[in-house]
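Below is one structure, written out as structure tokens; comments come after it.
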Amino acid sequence: MKYIDEFQNPDLARRLLDDIRSTVTRPWALMEVCGGQTHTIIRHGIDQLLPDPVELIHGPGCPVCVTPLEVIDKALEIASRPEVIFCSFGDMLRVPGTGRDLFQVRGEGGDVRVVYSPLDALRIARENPDREVVFFGIGFETTAPPNAMTVHQARRLGIRNFSLLVSHVRVPPAIEAIMQSPDCRVQAFLAAGHVCSVMGVGEYPALADRYRVPIVVTGFEPLDILEGVRRTVRQLERGEHTVENAYSRAVRPEGNPSALAMLEDVFEVTDRAWRGIGVIPDSGWRLSPRYRDYDAEYRFSVTGIHTREPAECRSGEVLQGLLKPNECEAFGTTCTPRSPLGATMVSSEGACAAYYLYRRLDATTDPLEASPVA
Ligand code: SF4
């Protein structure tokens, strides 16, 4: 197949569904660990088209959603300073911190700017040598390489008024934490294809072996998801637990060597808190000591900010697959995209936002009657 719409072909989807139906003999719970995959699943009703024994559980795959409240509060503190131009991707501006968000900081006079690349922030730093420019660097293995490259560039060009507020996270330790949870029901994983296009698949065989779970690297279109499900179900029914690459059009086993080299140069692995989940050992990156001068946490002395997560938002349970968004008491009532209580309702990749947008307002919503909210 050559064009993206071919990966939405209804006839091929039916064939894959028939294959899954004829293979499955008992209940299986699969987790996707990518917000983009979650949105494809909900938007196309894939979870409702699958045979009943196959359950899709939405994992902690949305980068905005897993960024801890504490980091948002650090961003708010830095962005409030008069000497700072605070640059971020747009979806972080509405993520609630303690009492306010970046939009409110901007309304109060803070210089908060939406950019489309960390290199835009570096350009702003060059154009404003008398200001401090900070880029909010969050996300998984997919966004870490360009952020690392930008810091590398800043040092190479001698740009001293640029820094990075870093909250990068890594998928494999999160999978490990999910499998170690006493409440875990997950029996297989659809691994995020874009993460593996950077990192390769080398981190997954040990996890598949240790927890005896199939892991299938999966893409983002409806046929990709169905193929990922088909392969995991086939493994589960056979009692196998290997790593398969069902996204070979983008993922090479060794990943992207240039991106990996940049990560290795600029970052070091660290323990990282995940919003609503807590600290997962070795689950993140921070700037290595060589680049400490570019670390906004140190430059603006906000390392001491510690915040407790609000009790009313149950996104931690949503992110661990323990609760469907529409099972949260606040869903669609006190918590909506216009008035979000948690990041999973804000982000374009958040599970709560997907359920709201595609009218999964309660657990019994009929997909044929649902239509997206404008
Ligand atoms: S519906 Fe709102 S309050 Fe409930 S888990 Fe999602 S973001 Fe949090």
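Just one of the numbered conditions (1) touching a His at 6+ places or on another chain (Cβ under 9 Å); (2) crowded, with 17+ Cβ neighbours inside 10 Å is not true of Leu287: (1).
Can you spot a residue in segment 130-141 that is within 13 Å of Leu164 (Cα to Cα), aromatic (Phe, Trp, Tyr) and modelled with pLDDT of 95 or more? Yes; the residues of segment 130-141 include at least one that is within 13 Å of Leu164 (Cα to Cα), aromatic (Phe, Trp, Tyr) and modelled with pLDDT of 95 or more.
Anything in segment 131-166 that is β-branched (Val, Ile, Thr) and assigned to a strand (DSSP E or B)? List them, or say none.
Restricting attention to segment 131-166, the residues satisfying the condition of being β-branched (Val, Ile, Thr) are 133-134, 138, 142-143, 150-151, 159, 166.
Residues satisfying the conditions are Val133, Val134, Ile138, Val166.
Residue count for segment 167-194, restricted to those that are out of contact with any helix residue (DSSP H, G or I) (no Cβ under 7 Å at 6 or more places or on another chain), among the polar types (S, T, N, Q) and not in a helix (DSSP H, G or I): 1. Restricting segment 315-338 to residues that are of a type in the set (Ser, Thr, Tyr) and over 16 Å from the mean Cα position of the chain (by Cα), the residue that is nearest to Thr38 (Cα to Cα) is Thr336. Residues being touching a Leu at 6+ places or on another chain (Cβ under 7 Å), buried (at least 24 other Cβ atoms within 10 Å of the Cβ) and over 18 Å from Glu127 (Cα atoms): count how many of those fall in segment 140-178. The qualifying residues number 5. Per the conditions (1) in the same structural domain as Gly284 (by TED's automatic domain parsing); (2) within 22 Å of Ala273 (Cβ to Cβ), the sole criterion not satisfied by His58 is (1). Within segment 295-322, the set of residues being within 7 Å of the ligand (Cβ to nearest atom) and of a type in the set (A, V, I, L, M) comprises just one member, Val318.
Taken residue by residue, segment 254-265 has at least one member that is touching a residue at least 12 places away in the same chain (Cβ under 8 Å), away from the ligand (no atom under 16 Å from the Cβ), assigned by TED's automatic domain parsing to the domain that holds Gly97 and touching a Lys or Arg at 6+ places or on another chain (Cβ under 9 Å).
Please state which one of Ala259, Ala250, Ala246 is touching a strand residue (DSSP E or B) at 6+ places or on another chain (Cβ under 8 Å) and either at positive phi or of a type in the set (Gly, Ala, Ser) (or both). So the residue among Ala259, Ala250, Ala246 that is touching a strand residue (DSSP E or B) at 6+ places or on another chain (Cβ under 8 Å) and either at positive phi or of a type in the set (Gly, Ala, Ser) (or both) is Ala246. Give the number of residues within segment 343-361 that are within 8 Å of the ligand (Cβ to nearest atom) and either in a loop (DSSP other than H, G, I, E, B) or out of contact with any helix residue (DSSP H, G or I) (no Cβ under 8 Å at 6 or more places or on another chain) (or both). Count: 1. Of all the criteria given as (1) touching a residue at least 40 places away in the same chain (Cβ under 8 Å); (2) surrounded by fewer than 16 Cβ atoms within 10 Å (Cβ to Cβ), the one not satisfied by Arg249 is (1). If you take the residues in segment 179-198 that are among the aliphatic types (A, V, I, L, M) and within 15 Å of the chain's Cα centre (by Cα), which one is surrounded by the fewest Cβ atoms within 10 Å (Cβ to Cβ)? That would be Val198. Scanning segment 324-342 for residues that are more than 7 Å from the ligand (Cβ to nearest atom) and surrounded by 15 or more Cβ atoms within 10 Å (Cβ to Cβ) gives Lys324, Asn326, Gly332, Thr336, Pro337.
The values are calculated or read from the model by the stated rules, or taken from the named source; none is laboratory data. In this text the structure is predicted, and so the values were computed from the model without any measurement. Reconstructed Cβ throughout: ideal geometry from the backbone, glycine too, with neighbour counts over all protein chains shown.
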